[in-house]
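Q: Would you mind keeping the following structure in view while I ask a few things?
Values quoted throughout were computed directly from the atomic coordinates according to the rules given, and no laboratory measurement underlies them. Just so you know, these numbers come straight off a predicted model, no measurement behind them. All Cβ positions, glycine included, derive from the backbone under ideal geometry; neighbour counts span all protein chains shown.
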Amino acid sequence: MWADTEPWRVAGSCQESDDTVTLTLEPYSSFAFQPGQFNMLYARGIGEVPISISGDPAERSRIQHTIRDVGAVTHALCGVEPGQAVGVRGPYGSCWPAGAAEEGDLVIVAGGIGLPPLRPAIYQALRNRDRYQRIVLLYGARTPADLLFPAELASWRSRSGLTVEVTVDSADAGWHGNVGVVPDLVAKASFDPARTTAFMVGPEIMMRFTVRALLETGVSPDRVYCSMERNMQCATALCGHCQFGPFFICRDGPVLSYGQLAPWINLREL
Amino acid sequence: MPRTAEPHPLDRLLRDHQFFAGLDPDYLTLLAGCAKNVVVPQGVFLFREGEPADKFFLIRDGRAALEVAAPGRGAIVVQSFAAGDVLGFSWLTGRQHRWQFDGRVIERIHALEMDGACLRGKCDQDPKLGYELMRRFAALASDTLQATRLQLLDVYGHVG
């Protein structure tokens, strides 16, 4: 068993979409983390997976993880019920550089299950709203039914000082929002490229195309930050499964600047 | 049917639309002769699949969609359009200038409706204008193709 602490009690389970669940866990003591970091969650007898923390960093007694059911461990985690326990170790990894974005515009780009790792950064930015100029959230999903946190999206959209643009790849005629791809949202969004910092999480293909769109507007590669996903197993840079060029994603990432990633991200061998 | 809105200097509206950014003012005046400022209510079809494609729309405000009807599934939205977008290039690039999809207004639009036959005539008379328009519509078609490829990849789907 990898988990080296007392298991955390499951306080709540919320079905976000047909394959995605948010677990609210109660740590045995106050738990601090930085937006962008992840925990290793252990499903007893099945295995362990890295899952980004998706809740409010100011909340230290109830920690949220949003999990997509894509394999044996995540399937088991999505099925745990309140009162049961989950093994947890963490937090691990680098965080979103909130300080680097201050004084300028903050563009947050999420694709699919990429929104949960960004949600703590959104909470943090909204709590410190006066430190930023424009804050823009661009979010893409497969269909309207796959959109995560729809009530929160509506709440954020209704706030002044936060622009929310959502798009889906396909929809039926009942959907009145955007149908298209995330890079096209970048071209239409209103921000000052010279003063913009971007945080991005999504499928790697989406991120590569979206980074291009951001760079075309004039945003500096060193001010675009991506959260990378690789096969993280130990989370302590020992096993080497998540090596990405000179980086161990579990230790040096998952958040890295595009300036760091650029020499490696288009290498299909990695 | 679309009703004509209050009159505006059409060449100024054309200039203000990002699709024609940087176009020679004389050409804007020329294009204004093929333009109509329209307001189209929600739910109205701008065009239907298979009809002659003799126009396109420069969206100024509101939202429209390209849709295709599928038996048993209703209408499927292929792409949406909002302020700053251009809806329709079959008037220029299609082999027979026919709409390939339905165009429907999702939220009332303010738009410039451009007469494609009128524009084709002006392009035939002035190849430089024709090249300029073809260049802009080729970029539009290229952007649409790239976006479609990305959608086809289904990047948010399950891996493996």
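Q: Over the whole of A:185-196, what's the average partner chain Cβ count within 10 Å per residue? Rounded to a whole number, please. Write out the running numbers ahead of the final one.
A: Numbers: counts 0, 0, 3, 5, 0, 0, 0, 0, 0, 0, 0, 0.
Shielding by partners across A:185-196 averages 1.
Q: Follow-up. With just the Cα atoms of the protein assembly as shown, tell me how far they stretch along each of the three principal axes, in Å, largest first.
A: 78, 47, 43
Q: Using the basic label-point model (7 angstrom from Cα toward the beta carbon), what is the A:Glu6 to A:Lys188 distance in nanometres?
A: Here the answer is 5.1 nm between the modelled labels.
Q: Further, regarding this structure: Picking from B:Ala117, A:Val86, A:Thr210, whose Cα lies most toward the positive end of the charge dipole for the protein assembly as shown (charges on Cβ: Lys, Arg +1; Asp, Glu -1)?
A: Looking along the dipole axis, the top candidate is B:Ala117.
Q: Treating the Cα atoms of region B:3-152 as identical point scatterers in vacuum, please give the log10 of the normalised Debye intensity I(q)/I(0) at q = 0.15, 0.16 Å⁻¹, two decimals.
A: -0.77, -0.88
Q: Okay, moving on. Counting only helical runs of four or more DSSP H residues, what would the 222 nm mean residue ellipticity of chain B come to if each run contributes -39,500 (n - 2.57) and the total is spread over all its residues?
A: Working: 5 runs with 55 residues, N = 160.
Estimated from H runs of four or more residues: -10500 deg cm²/dmol.
Q: Also, I was wondering about something else. Across bins of 10 angstrom width beginning at 0, how are the C-alpha pair distances of region B:29-118 distributed, in whole percent?
A: Percent of pairs per bin, in order: 18, 50, 28, 3, 0.
Q: Of the residues A:Phe199, A:Phe38, A:Phe191, which exhibits the maximal mean-square fluctuation in a Gaussian network model of chain A defined by a 10 Å Cα contact cut-off?
A: Fluctuation is largest for A:Phe191.
Q: Just counting partner chain Cβ atoms within 10 Å, what average do the residues of peptide A:162-171 show around their Cβ?
A: Mean partner shielding for this stretch: 3.
Q: Same structure, new question: Among the complete DSSP H segments of chain B, which ones combine at least 30 Å of alpha-carbon extent along their axis with a mean Kyte-Doolittle hydropathy of -0.5 or more?
A: B:127-152
Q: Still on this model: For a quick check of your reading of the filter: which trypsin sites (Lys or Arg not before Pro) in region A:186-270 sit in a DSSP loop and have no more than 15 other Cβ atoms within 10 Å? Please report the intermediate quantities before stating the final value.
A: Details: sites: A:Lys188, A:Arg195, A:Arg208, A:Arg212, A:Arg223, A:Arg230, A:Arg251, A:Arg268; in loops: A:Arg230, A:Arg251, A:Arg268.
Loop-located and lightly packed - A:Arg268.
Q: Related question: Excluding same-chain residues fewer than 8 positions from B:Lys55, which lysines have a Cα within less than 20 Å of its Cα?
A: Excluding near neighbours in sequence, the set is B:Lys36, B:Lys122.
Q: How do A:Cys95, A:Cys242, A:Cys250 rank when sorted from fewest to most other Cβ atoms within 10 Å of their own Cβ?
A: Ordered by Cβ neighbours within 10 Å, fewest first: A:Cys95, A:Cys242, A:Cys250.
Q: Could you pull out every Cys in chain B that lacks a partner Cys with its beta carbon under 4.7 Å away?
A: B:Cys123
Q: Now for a different question. Just to be sure I follow the definition: excluding the sites themselves, where is the longest run in chain A that has none of the GluC sites (Glu not before Pro) in a DSSP loop with at most 15 other Cβ atoms within 10 Å? Before the final figure, lay out the partial values.
A: On the way: sites that count: A:Glu59, A:Glu102, A:Glu103, A:Glu269.
Result, exposed sites excluded: A:104-268.
Q: Dipole of chain B, Cα-centred, from +1 at each Lys and Arg C-beta and -1 at each Asp and Glu C-beta, to the nearest 20 debye?
A: Working: 19 positive and 20 negative charges, 42 e Å.
Magnitude of the dipole: close to 200 debye.
Q: Further, regarding this structure: Stokes-Einstein D for region A:98-227 at 37 °C, 0.692 mPa s, Kirkwood Rh over Cα pairs, in µm²/s?
A: Rounded, D is 225 µm²/s.
Q: To the nearest 0.05, how large is the calculated FRET efficiency for B:Thr148 and B:Glu51 if R₀ is 30 Å and r is the Cβ-Cβ distance?
A: On the way: r = 22 Å, r/R0 = 0.74.
Between B:Thr148 and B:Glu51 the formula returns 0.85.
Q: Further, regarding this structure: Relative contact order of region B:3-152: what whole-number percent is it, with Cα pairs under 8 angstrom and at least 6 residues apart?
A: Rounded, it is 28 percent for region B:3-152.
Q: Taking 8 Å as the Cα distance limit and 6 or more residues as the minimum spacing, I'd like the relative contact order of chain A as a percentage.
A: Over chain A, the number comes to 17 percent.
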